[in-house]
Ligand SMILES: Cc1cc2nc3c(=O)[nH]c(=O)nc-3n(C[C@H](O)[C@H](O)[C@H](O)COP(=O)(O)OP(=O)(O)OC[C@H]3O[C@@H](n4cnc5c(N)ncnc54)[C@H](O)[C@@H]3O)c2cc1C
């Protein structure tokens, strides 16, 4: 009945180690080498990207990989480019790069807005897009961003790669469909005309994880919303998304009343739990409030100037 | 900004760049963890994962078998040395290593000494402790329930979790004013458990020389001399063979006053292994196990006439002291100086009653720049005055102005017996209101309210109580709170001043040089400050409770004055005149009516060391010392105004402005004073909006890392607007009052009052700190949360 708290993000409670257990270290210089190393060391090995999620877990010995495979030399995965009508973001793109990318920002202001409130500059200089998605922390902001944008994830293995829609990528808190001998290599987002996006987050203090955060994307054609995406972070929404809210938006003309209804649905259909960031009722309220704000801003961005 | 020196001669008070900055900005500070001794070993502490559990067995064999482990120490071993328990600072004991039970999560259970710190940590995992988990006492309000588990089974016959009852003031007189009052307002409030969280965590390097028997302890201590004496008393070590060395200290805030088990364990480790042992705790250990602050559940009751004359105040406190009563304060005062809670107001009567209880939480209680619980006192009175203003529908500034003590009432004896030394309160509040543009802000607020926007203006007027303290009233474990100081002027006119107090960032190496300079005329640059080494400094009780300037600063001033007096006799001998014919012109004794005939301090110093024949009875050299027993405390004060905006949708608070008028008497170095104020204001914003250590129902600490225990950053802080008034202390030789904790003491209620003022349209009367977005939103719904427990 009595026992150490479930870890949640309460680092340090379980053990106060703050020194990782002994670990071997390998540094890969190419994708092929990564796959070789993964094969050689098996399931007790872990790739390390920015290390801003993995190292803290290792310090309190919650994660105890036997081998670390450092992929920071894989500059081949550090790119943001347009290809095949998609924005393609390599797994090793750092938060700071995505935040200031003119290319990403031109299509989706949600990136810069979300990145500006992820952690702090020190974390953003090292943490990566791939690491964020693979960490699969329920509060990870980029998971909500990519859920709103209905992204596709590229997962590569030694001999093949596959694409997985973001809505099938996460299988639960801290788990994904990436296999033991695979890594995430790229995230793809359709380029959309007449689309708008935005991100809203409330944190207790700069650099804290979200109490709740909401990303939104809408595409408007002929006065009607033809596509909508809502991504939720930190409130245990399945796949970080709010399909009920998205559905009522699609096919309707944008209005305050419609936004209000969608926001209420988003608030109702997530599953936040109470923690020191807030009680359930507040988190639901926040989802509703932030969904309203993100949707309104997305809609105004989607509409042509002066409309 | 190359030279802040105001006076071209480089002498005395004024803005001077801190002497210590030269090393700190270059990363050349020397902290405990920087100390490396030949053959040094490393210690690590195994801590309890449970809040309350019986220790069934401890198996250390696997850890001992680790190739790099040199010793594993358990409570059983310490018992054989009579060191398993040591006296606390409050008539209790604390466990160095648990023997029978663990009583809070994070309590010390075993200590490993190994060749490197990683091996020591690895070996912790090899220790097998079998626990039998017991029901914990987490909610202080239920600690005295008949069915609550008894935490202190180590105390013979103990059947409950009661520690003490203590009261101050005149209860009957207070009852009487309540009877005649038109208005009575009552309010429950919690000052949550918070943590000083100094940048540098606690640590020690213990070095026992097996041949000479001399034990040197390099330690993060704010009170090196007190520590030395305590080690001598507790461990039976001869005091002359003990040297406590406090190098650079990366922040103390009261966290580094007491003796922690880790220090004792490093000493035992060094004695056992005959090698130096370093122990430095990590961040979580610091947050979970070392001295917390506050944790006062308060019930305030204020009485007033209907036109707003405050008559009386009563406060009942339930004090959560954790598993051991280990608060640090003068012996007579189990609630510290809390009984200064009548604050800055002219009341007819006041009474407080404090009840202390044990819970399964870390011990501590007096820390975080609290001036021995003046923080809690200021919070309760400033909240109660605002609650009264709300009830009377009066502006909180008007209500305060009407009730503030008037200058002619000083020295003022408070209803609980304090003698406030000096004050000009209305002047400070007027200045703060003028700087803030108070009435314009109220106008802006009214306009915003009409538009549904939430803006709040909060005031706090505080009276600090610092400089402990007069020996006739105050001691810590029997040691009087007087401090020594020695000043020595070298033959060439340069000087060294030796202090008993210990800087932790306050800039003593600069300000004490300025004090000596101000009195003797020796340039600040020519005065070296020595501190933090018990072998080389006079005895004294250290730095906390903003006592350095009021006590040790006075000692330095008096010793310097003695130098000047002695210099006069020597100058007279040099000039072959009578001392009465000389007058002091800063830095120089000269003949009255003939200023060209005179001798500078440097000339006099050389003569004092030279062959000059001195007058009878006068010894050579130019040295002086002083042990200063302060006649009274000093009472700095200030008026603070905070302006906040609250997002009505998300309930997030933004501190827009903070105006702080401080009166700490004359300012030795205005730049350092402002720095102290800035830091304290940030603390206040932190405590008001985000800091707290809560516990879940199992007694798990929910503030065990800096991801959980939030400290404010520059982003949450506005650009501080500081102002000053100067009311010297009549009893300090230089009129100085101290300022180290003023802002931490004074600012939290200003922020809280501002937020609650913003929430007035929702009918909110009170919500406990920290006013996180969730708490503010809940308050707007009429359902504020308890902030000492896990959020449900
Ligand atoms: C103080 C602090 C505050 C933070 N605040 C926020 C915040 O507010 N919002 C937020 O969203 N995040 C926050 N983070 C997390 C931050 O975004 C991390 O950088 C990110 O979660 C992980 O990225 P990384 O590159 O550091 O991953 P790593 O720590 O290197 O790896 C994380 C996990 O992903 C795996 N992994 C990494 N790359 C790949 C890949 N290409 N393929 C397969 N598996 C991979 C690793 O094996 C590991 O299991 C914070 C972190 C810190 C330290």
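Annotations
- Residues satisfying the stated conditions in the range B:189-205, i.e. over 14 Å from residue B:31 (Cα atoms) and outside any loop (DSSP other than H, G, I, E, B): B:189, B:190, B:191, B:192, B:193, B:194
- Pair list, Cβ < 6 Å and 6+ apart or interchain, from the range A:280-294 residues that are away from chain B (no Cβ under 11 Å) and surrounded by 24 or more Cβ atoms within 10 Å (Cβ to Cβ) to residues that are modelled with pLDDT under 95 and in a helix (DSSP H, G or I): none
- Test: residue in the range B:264-273 that is within 24 Å of the chain's Cα centre (by Cα) and in contact (Cβ under 8 Å) with a residue 40 or more places away in the chain: yes
- Complete set of residues in the range B:687-713 that are at the interface with chain A (Cβ under 9 Å from one of its Cβ atoms) and outside any loop (DSSP other than H, G, I, E, B): B:689, B:701
Quick grid of which residues meet (1) in the same structural domain as residue B:407 (by TED's automatic domain parsing); (2) surrounded by fewer than 24 Cβ atoms within 10 Å (Cβ to Cβ):
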| residue | (1), (2) |
| --- | --- |
| B:268 | no, no |
| B:288 | no, no |
| B:314 | yes, no |
| B:318 | yes, yes |
| B:327 | yes, no |
| B:331 | yes, yes |
| B:353 | yes, yes |
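- Yes/no for residue B:681 being modelled with pLDDT of 95 or more and within 9 Å of chain A (Cβ to nearest Cβ): no
- Residue count for the range B:391-422, restricted to those that are closer than 29 Å to residue B:730 by Cβ and without any contact (Cβ under 8 Å) to a residue 24 or more places away in the chain: 5.
- For the range A:240-249, the condition of being under 26 Å from residue B:785 (Cα atoms), away from chain B (no Cβ under 14 Å) and within 16 Å of the ligand (Cβ to nearest atom) holds for none of the residues.
- Candidates are the residues of the range A:88-106 that are in contact with a helix residue (DSSP H, G or I) (Cβ under 6 Å, 6 or more places away or on another chain) and closer than 16 Å to residue A:197 by Cα; the one that is surrounded by the fewest Cβ atoms within 10 Å (Cβ to Cβ) is A:105.
- Looking across the range B:355-382 at every residue that is out of contact with any helix residue (DSSP H, G or I) (no Cβ under 6 Å at 6 or more places or on another chain) and farther than 25 Å from residue B:289 by Cβ, the one that is surrounded by the fewest Cβ atoms within 10 Å (Cβ to Cβ) is identified as B:380.
- Unique residue being more than 19 Å from the chain's Cα centre (by Cα), within 22 Å of residue A:119 (Cα to Cα) and either more than 9 Å from every other protein chain (Cβ to nearest Cβ) or surrounded by fewer than 23 Cβ atoms within 10 Å (Cβ to Cβ) (or both) when the list is A:205, A:277: A:205
- Some residue of the range A:36-50 being within 12 Å of chain B (Cβ to nearest Cβ), modelled with pLDDT under 95, assigned to a helix (DSSP H, G or I) and within 15 Å of the ligand (Cβ to nearest atom): no
- Criterion applied to A:76, A:33 was being away from the ligand (no atom under 11 Å from the Cβ), within 21 Å of residue A:125 (Cα to Cα) and in a helix (DSSP H, G or I), and the one residue passing it is A:76.
- Candidates A:231, A:215, A:207: the one that is on the phi > 0 side of the Ramachandran plot, within 16 Å of the ligand (Cβ to nearest atom) and not in a helix (DSSP H, G or I) is A:207.
- Filter result (within 8 Å of the ligand (Cβ to nearest atom) and either more than 13 Å from residue A:239 (Cα to Cα) or in the same structural domain as residue A:237 (by TED's automatic domain parsing) (or both)) within the range A:135-154: A:135
- Subset of the range A:155-169 (residues that are within 12 Å of the ligand (Cβ to nearest atom) and touching a helix residue (DSSP H, G or I) at 6+ places or on another chain (Cβ under 8 Å)): A:156, A:157, A:169
Yes/no per residue for (1) surrounded by fewer than 16 Cβ atoms within 10 Å (Cβ to Cβ); (2) outside the structural domain of residue B:757 (by TED's automatic domain parsing); (3) on the phi > 0 side of the Ramachandran plot:
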residue	(1), (2), (3)
B:572	no, yes, no
B:590	no, yes, no
B:594	yes, yes, no
B:608	no, yes, no
B:615	yes, yes, no
B:618	yes, yes, no
B:623	no, yes, no
B:639	no, no, no
B:654	yes, no, no
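- Candidate set from the range B:446-461 (those that are in contact with a helix residue (DSSP H, G or I) (Cβ under 9 Å, 6 or more places away or on another chain) and in a loop (DSSP other than H, G, I, E, B)); member that is surrounded by the fewest Cβ atoms within 10 Å (Cβ to Cβ): B:452
- When each of B:496, B:527 is tested for being in contact (Cβ under 8 Å) with a residue 24 or more places away in the chain, touching a strand residue (DSSP E or B) at 6+ places or on another chain (Cβ under 7 Å) and surrounded by 22 or more Cβ atoms within 10 Å (Cβ to Cβ), the lone residue that passes is B:527.
- So residue B:442, is it touching a residue at least 40 places away in the same chain (Cβ under 8 Å), in a helix (DSSP H, G or I) and closer than 19 Å to residue B:726 by Cα: no
- Across the range A:178-190, the qualifying residues are those that are in contact with a strand residue (DSSP E or B) (Cβ under 6 Å, 6 or more places away or on another chain) and part of a loop (DSSP other than H, G, I, E, B), and the one among them that is farthest from the other protein chains (Cβ to nearest Cβ) is A:182.
- Filtered residues of the range A:89-134 (kept if within 14 Å of chain B (Cβ to nearest Cβ), more than 10 Å from the ligand (Cβ to nearest atom) and assigned to a helix (DSSP H, G or I)): A:121
- Residue in the range B:278-285 that is buried (at least 19 other Cβ atoms within 10 Å of the Cβ), more than 14 Å from every other protein chain (Cβ to nearest Cβ) and in a strand (DSSP E or B) present: yes
The values are calculated or read from the model by the stated rules, or taken from the named source; none is laboratory data. What you are looking at is a predicted structure, and each value in this text was computed from that prediction instead of being measured. Quick reminder, even Gly has a Cβ in these numbers, built from the backbone with ideal geometry, and neighbours come from all protein chains shown.
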